[in-house]
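Remarks on the structure that follows.
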Amino acid sequence: MKIIVIGAVAAGSKAAAKAKRMLPDAEIHIYTDDTHVSYSACGIPYYIEGNFDDYKTLLVRSPEEFEHSGIRVHLRHKVTKIIPSSKQILVNNLDENSSFLDNYDKLIIATGASPIIPPIKNNCFNNVFTVRKIEDAINIKAKLKDTKRAVIIGGGYIGLEMLEAFVRNNVKTTLIERGNYLMPAMDEDMSELIKNELEKIHENRFEIITGKSVTEFCGDTEGISTVEVNSGEIYDADLAIICTGVRPNVELAVDAGIKLGVTGAIRVNRRMETSEPDIYACGDCCEEIQIITQAPVWMPLGSNANKEGRCAAINCCGGRDEFFGVLSSAVTRCLGLTISMTGLTEKDARKAGFDPVSAIVTKYDKVGYMPDANNITLKIVADKRSGKLLGGQAIGAGDSDKRINTLATALLAGLTVDEFRRNDMTYAPPFSTTIDLLINASEILQEKISGK
């Protein structure tokens, strides 16, 4: 059997490696227009911040290691066409500017996603960056040595991670979010809390601007020097980062007649099969099912990509596996603040037809007399009609992710608030309060549901 994988970051690399373990005699090829394979794009902000010095730390597996295991890696080879009728792909060798056809028995599409570039005038300066590939990491890190002021455009996960990276490197930073709130995926009350908590510690090292959009970069042959927003203000900048989201790379699939889903990403079933026989898709280019609503969603996260790549490989090789969907669980940090969420927000629950009710609790993550005790603000959401848990968000210097991971397990099990509040959670002063804030919030929420 000959298996071709298009794309080689998280999902594609995982799929190729798993397929080779399942079918050692299979001929497996990876085609990518990138210069690296199998790397942690999620780790780029932490490399820039200085948590480690060598960018190669981000590389999970080298081309040589793939080759040693019998997987052929074709770097700087762009697949320009998929021909399902003849089971072929058309490939362009970017270094030699030559093209050729290759045949496959099974094809796995893992083309990922690309940064969205908003309509900003003069966005092609050499010191305007996105954060997606290893080259981005290397170039930003090099430029940072000569940077005193930076502008970040976008207040989502990457924007906040880059804010931390720059502040830790003593770069005065302006973060500009066109929406009225940071982290727009969260409920507005929690998003506002993020901004408030960060502004308590800014110490003139950074500023956060919401409700304004960048319209123009200005500079000269050396690069940008200022950034202008739609209200007319101008901000000095030696460097700018665009973190305004990504879109799935689906052009190849569309051209091949492969159907997209309602999210605009490739539609797949639980076996990661596309609408075309013997063609699978995984990672940031395909959509998932939201476990609570059973509706299609698009969640481009590294954790999802790895699980989907594994599932695609198993089924591609004749096995049976299913990927049941996502809870939209996510976590990040910014300057000591952990931000985490899972399931549905209150606004998303309402859109999905639930009757959402919520409870918010702020409490220490461990007993207050412990020297490392820190506050967490936790919001949990449930459906008033059924009593079922729907989701949660947590923000604070304490172990927010620990609470959200616990809640994610409850969501997967389909627990009601009444069932969850009986949870026998561990207690010792270095780890939690006698009654954890998850239980406190659940008790409050159950009172709202029962009307007591």
| request: Towards the positive end of the charge dipole of the stretch 339-450, with charges on Cβ (+1 Lys, Arg; -1 Asp, Glu), say which of Ala394, Leu344, Phe354 has the farthest Cα. | output: Phe354
| query | With charges set only on the Cβ (+1 for Lys and Arg, -1 for Asp and Glu), what does the dipole of the stretch 117-244 come to about its Cα centre, in debye to the nearest 20? | reply | 420
| said: Students often check this: by mean Cβ neighbours within 10 Å, which of 88-99, 182-193 ranks highest, and how do the rest follow? | reply: 182-193, 88-99
| said: Run the reach check for Lys402 against lysines, Cα to Cα strictly under 26 Å, same-chain hits fewer than 8 apart removed. What comes back? | reply: Lys195, Lys200, Lys307, Lys347, Lys363, Lys366, Lys379, Lys384, Lys388, Lys448
| note | Computed about the Cα centre, the charge dipole of the stretch 73-143 from +1 Lys/Arg and -1 Asp/Glu charges at the Cβ has a magnitude in debye, to the nearest 20, of 280
| field | Note, ³J(HN,Hα) from phi for the stretch 79-91, Karplus 6.51, -1.76, 1.60, rounded to Hz, x at Gly and Pro | value | 6, 9, 7, 10, 10, x, 4, 10, 6, 9, 10, 9, 10
| From the residues Ile209, Ile194, Asn170, which one has its Cα farthest along the dipole of the stretch 157-237 in the positive direction, the dipole being from +1 and -1 charges on Cβ of Lys/Arg and Asp/Glu about the Cα centre? | Asn170
| task | Please report, in Å, the Rg and the Dmax of the stretch 339-450, where both are computed over Cα atoms only. | result | 13.4, 44
| task | Please work out whether the chain counts as rounded, prolate or oblate from its C-alpha gyration tensor, where a ≥ b ≥ c are the square roots of the eigenvalues and a/c under 1.5 means rounded, while otherwise a/b larger than b/c means prolate and anything else oblate? | result | oblate
| Tell me, how many Å apart are the Cα centres for the stretch 327-372 and for the stretch 270-310? | 25
| request: Take the alpha-carbon centre of the stretch 39-76, take the same for the stretch 118-142, and report the distance between them in whole Å. | output: 19
| All lysines inside 21 Å of Lys141 as judged from Cα atoms, apart from same-chain residues fewer than 8 positions distant | Lys56, Lys133, Lys172
| query | If you place +1 on the Cβ of every Lys and Arg, -1 on the Cβ of every Asp and Glu, and leave all else neutral, what size is the dipole of the stretch 394-452 about its Cα centre, to the nearest 20 Debye? | reply | 100
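Read the figures in this text as sums done on the coordinates, not as results from a lab. Just so it is clear, the structure is predicted and the values come from calculations on it, not from any experiment. All Cβ positions, glycine included, derive from the backbone under ideal geometry; neighbour counts span all protein chains shown.
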